[in-house]
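A.B. asks: I am attaching a structure below and will ask some questions about it afterwards.
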Amino acid sequence: MPGEGKLGLAASFDYHRGGDFLFPQSTSQRSGAALSASYGAASWLEAYGALAFHSTNLFEPAMRRTLGSYGDFDAGVKLALPRRGPLSGGALVELDVPSGVGGFSLKGVGGRAALIAGFTAMPLGLPLAATVLAGYRIDNSGQLTSASLGTFASYALSVSRYDRAYGGLALAMPFRQITPSAELELDAPVGRQTALPAGGTTLLSRLTLGAQVLTPAAGLALQGGVRLSLSHGGRLSDLSLPVQGFAPDPPWQVFAGLAWSFEPQMPRWSRDQKPPVERLEPAPAAPTPRAVVTKAHVNVVALDARTRLPVAGAWVAWAEGGEPGVVTSLDGKARLEHEAGLATVAVAHEKYELFTDSLTLAPGEERQLSLALVPNEADSTLRGRIAGEDAVPLRASLQPIAAAAGKPLEPRWFEGSYSFAVPHGQYTLQIASPGFRADSLKLEVRPGETVTQDVLLRRIAGEPTARLGPQGVELSRPVPFVPTRSALFPVAFPVLNELAALLQKDGRAFVIEVRVEGDDLAPGGDLETEGQALSADRARAVADYLQGRGVPKGKLRPRGGGLARAGQLLFEAIPEDEKPERTQAAPADDIIERLAALGGRP
């Protein structure tokens with residue numbers, strides 16, 4: 001799957017030439033090409049389509065002739081289930097439109113459906129991804145012709161009288177630049193429309209060996225390999241005679257291709273616009289002849305830009321200094337005075353964006369000013385998945401920094417995925433994880449919008465994936481457990497070994513705290529009680545493992561954290577003498593800081 005919001009394009013070709021395969025004392029040749037596209041519409045949904053063309057030729061001693069040329073168009077969707085640790089699952093549904101004879105025709109439309117299960121692990125420190133697939137294909141391509149379909153016609157025109165039951169096992173090792181893979185496929189005919197002849201059932205098996213190589217160009221990869229037939233080399237024989245209308249596999253077939261995955265820039269039909277500032281400016285009052293007046297007065301009414309209701313408690317002051325600022329009353333009103341001339345009024349409130357406006361005041365003027373304040377509370381969401389180049393979930397520290405002036409959000413650690421509630425605007429997302437290259441992303445989020453951006457981190461060869469940070473030990477890899485149990489998955493051993501080496505060098509005692517997710521508990525029970533018990537057992541299991549790697553027992557205190565709340569890490573190693581986190585500044589202090597930056601005197 002290319003990833004949510006990602007578009008993948010690919011072009012490929014395949015080739016085979018062999019003697020005595022389709023016809024005795026003759027050589028057959030097949031060549032083909034395909035174009036495909038896929039789009040990750042959501043984290044659980046991918047749509048894809050492919051268009052392929054093939055041509056089959058027969059070389060006899062006296063002549064050469066084309067047995068047949070055909071095309072095939074496929075379109076479908078893949079559905080992914082939520083991951084459970086190293087396990088994953090999904091399903092695909094596909095529509096197939098063939099063109100065995102005379103061009104594409106809806107008469108031969110068929111399709112297929114399949115279930116997919118996956119597993120990722122790190123045996124011997126090497127990344128390994130395994131995928132199992134089982135499905136059924138409805139094949140109506142035989143309806144494109146009324147002629148009798150022998151084995152030769154079935155191969156040349158790629159039409160069939162039978163459905164197919166198929167399955168397979170694929171293994172891949174996703175390294176930094178190359179992903180070698182091996183796949184075993186099984187394919188058998190099913191007599192849905194036409195009964196299989198007696199003794200005619202056959203099972204085709206094939207082995208595909210290939211690799212994908214990343215190029216220096218972003219998102220561009222080369223793919224290639226060879227497909228071998230394991231069922232008598234694909235040849236016809238008295239021991240394994242394919243049934244009529246079900247063609248054998250060629251003894252071998254080579255294929256190669258080019259794939260490109262990128263994030264398209266979608267057009268935006270609207271832009272964020274701040275509500276206009278409404279002003280009520282009556283004619284200046286005539287100056288009194290009795291005295292020379294040099295000051296002007298401004299009566300401010302602060303309103304919420306969305307609700308049009310008064311905003312109480314907003315600090316209103318002059319950015320140039322002068323008179324002290326005042327706080328708006330319950331009806332949103334405040335009164336200021338300033339020397340005649342150019343002045344800049346500033347309005348600050350912890351729940352609204354800082355507002356400034358320049359005014360030209362006349363001596364003795366009584367100005368009425370109605371201001372619309374834009375709320376700055378979190379009205380949008382940034383979210384996405386966090387993974388390495390091997391697609392294994394990672395832990396990372398993320399910090400959104402707003403492009404506009406304002407206090408940045410505190411960096412937070414996430415595991416596998418992240419989610420920030422933020423005010424709308426433009427952000428730079430700073431990302432860091434031990435042993436991986438620090439990265440940053442430019443994002444823009446509109447009011448009420450949820451922006452999904454997956455984070456892909458690249459490994460730094462030789463760098464440790466565990467380190468001591470301000471809040472304790474920072475790990476880039478999760479510590480996975482067997483579902484519903486306290487046993488550790490072997491993939492957790494390398495990161496725990498690095499953790500043990502750190503703890504042995506540090507003289508402090510550490511709390512080993514583990515939390516569990518609700519999905520990891522048996523349904524129907526008391527989740528709070530069971531979550532506390534399972535988290536405590538898992539914390540003890542980690543402490544026992546670390547002690548087995550040389551960490552003194554007195555330095556570790558296992559603690560169960562119960563059910564994890566949203567955004568909480570499932571595993572932490574925290575020094576016992578850690579100081580509590582600094583509390584957030586009071587709203588009034590924040591207002592003073594913002595006005596002081598403009599030169600005002602609150």
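A.B. asks: So which of Thr307, Thr356 is over 30 Å from Tyr418 (Cα atoms), in contact with a strand residue (DSSP E or B) (Cβ under 8 Å, 6 or more places away or on another chain) and among the hydroxyl-bearing types (Ser, Thr, Tyr)? Walk me through how you get there before you give the answer.
C.D. replies: Numbers: Thr307 fails: in contact with a strand residue (DSSP E or B) (Cβ under 8 Å, 6 or more places away or on another chain).
One residue alone meets the criteria, Thr356.
A.B. asks: Also, I was wondering about something else. When only residues in segment 334-353 that are surrounded by 16 or more Cβ atoms within 10 Å (Cβ to Cβ) and out of contact with any helix residue (DSSP H, G or I) (no Cβ under 9 Å at 6 or more places or on another chain) count, which is farthest from Leu371 (Cα to Cα)?
C.D. replies: His338
Let's see how each residue does on (1) closer than 17 Å to Ala573 by Cβ; (2) touching a Phe, Trp or Tyr at 6+ places or on another chain (Cβ under 8 Å); (3) of a type in the set (Asp, Glu):
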position: Leu456; (1), (2), (3): no, no, no
position: Arg459; (1), (2), (3): no, yes, no
position: Gly469; (1), (2), (3): yes, no, no
position: Phe489; (1), (2), (3): no, yes, no
position: Asn497; (1), (2), (3): yes, no, no
position: Val511; (1), (2), (3): yes, no, no
position: Val514; (1), (2), (3): yes, yes, no
position: Gly524; (1), (2), (3): no, no, no
position: Val551; (1), (2), (3): yes, no, no
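A.B. asks: Taking segment 11-26 as the region of interest, how many residues are modelled with pLDDT under 90, open to solvent by 20 Å² or more (accessible area, probe 1.4 Å) and over 18 Å from Leu228 (Cβ atoms)?
C.D. replies: 3
A.B. asks: Just give me the residues in segment 354-390 being surrounded by fewer than 18 Cβ atoms within 10 Å (Cβ to Cβ) and either polar (S, T, N, Q) or within 39 Å of the chain's Cα centre (by Cα) (or both), in sequence order.
C.D. replies: Scanning segment 354-390 gives Thr356, Ser358, Thr360, Gln368, Ser370, Val374, Glu377, Ala378, Asp379, Thr381, Arg383, Glu389.
A.B. asks: If we keep just the residues of segment 495-521 that are open to solvent by 40 Å² or more (accessible area, probe 1.4 Å) and charged (D, E, K, R), which is modelled with the highest pLDDT?
C.D. replies: Glu498
A.B. asks: Now for a separate question. Residues being surrounded by 19 or more Cβ atoms within 10 Å (Cβ to Cβ), at pLDDT 85 or above and of a type in the set (A, V, I, L, M, F, W, C): count how many of those fall in segment 219-257.
C.D. replies: Residues meeting the conditions: 0.
A.B. asks: Let me ask you something else. Tally up the residues in segment 319-355 that are part of a strand (DSSP E or B) and under 24 Å from Thr294 (Cβ atoms), please. Break it down into steps so the answer makes sense when it comes.
C.D. replies: So in segment 319-355, the residues part of a strand (DSSP E or B) come out as 326-327, 333-339, 341-349, 352-355.
Filter once more, so that each one left must be under 24 Å from Thr294 (Cβ atoms): 326, 334-339, 341-346.
The number of residues fulfilling the criteria is 13.
A.B. asks: Then there is this: Taking Thr208 as meeting all but one of (1) among the polar types (S, T, N, Q); (2) free of Cβ contacts under 8 Å to residues at least 40 places away in the same chain; (3) not in a strand (DSSP E or B), write down the number of the exception.
C.D. replies: The single condition Thr208 does not satisfy is (3).
A.B. asks: Read through the list (1) open to solvent by 70 Å² or more (accessible area, probe 1.4 Å); (2) touching an Asp or Glu at 6+ places or on another chain (Cβ under 6 Å), then give the number of the only condition that Val190 fails.
C.D. replies: Only one criterion is unmet by Val190, namely (1).
A.B. asks: Looking only at segment 538-547, decide whether some residue is at pLDDT below 85 and open to solvent by 50 Å² or more (accessible area, probe 1.4 Å).
C.D. replies: Checked against the condition, which is being at pLDDT below 85 and open to solvent by 50 Å² or more (accessible area, probe 1.4 Å), segment 538-547 yields no hits at all.
A.B. asks: Residues that are free of Cβ contacts under 8 Å to residues at least 40 places away in the same chain: find the strands (runs of 3 or more DSSP E) completely inside segment 360-419 holding 3 or more of those.
C.D. replies: On the way: elements: 366-373, 380-388, 395-402, 412-415.
The strands (runs of 3 or more DSSP E) meeting that bar are 395-402.
A.B. asks: Report those strands (runs of 3 or more DSSP E) wholly inside segment 65-149 carrying at least 2 residues which are open to solvent by 40 Å² or more (accessible area, probe 1.4 Å), modelled with pLDDT of 90 or more and closer than 24 Å to Asp390 by Cβ.
C.D. replies: Once the strands (runs of 3 or more DSSP E) in segment 65-149 are filtered for at least 2 residues that are open to solvent by 40 Å² or more (accessible area, probe 1.4 Å), modelled with pLDDT of 90 or more and closer than 24 Å to Asp390 by Cβ, what remains is 110-121, 128-138.
The values are calculated or read from the model by the stated rules, or taken from the named source; none is laboratory data. The shown structure was predicted, so the numbers you read here are calculated from the model rather than taken from an experiment. Note that each Cβ is placed from the backbone with ideal geometry, even for glycine, and that neighbours are counted across all protein chains shown. Just so you know, the surface numbers come from the protein's heavy atoms only, side chains and all, with ligands and any DNA or RNA stripped out. Shrake-Rupley method; radii C 1.70, N 1.55, O 1.52, S 1.80 Å.
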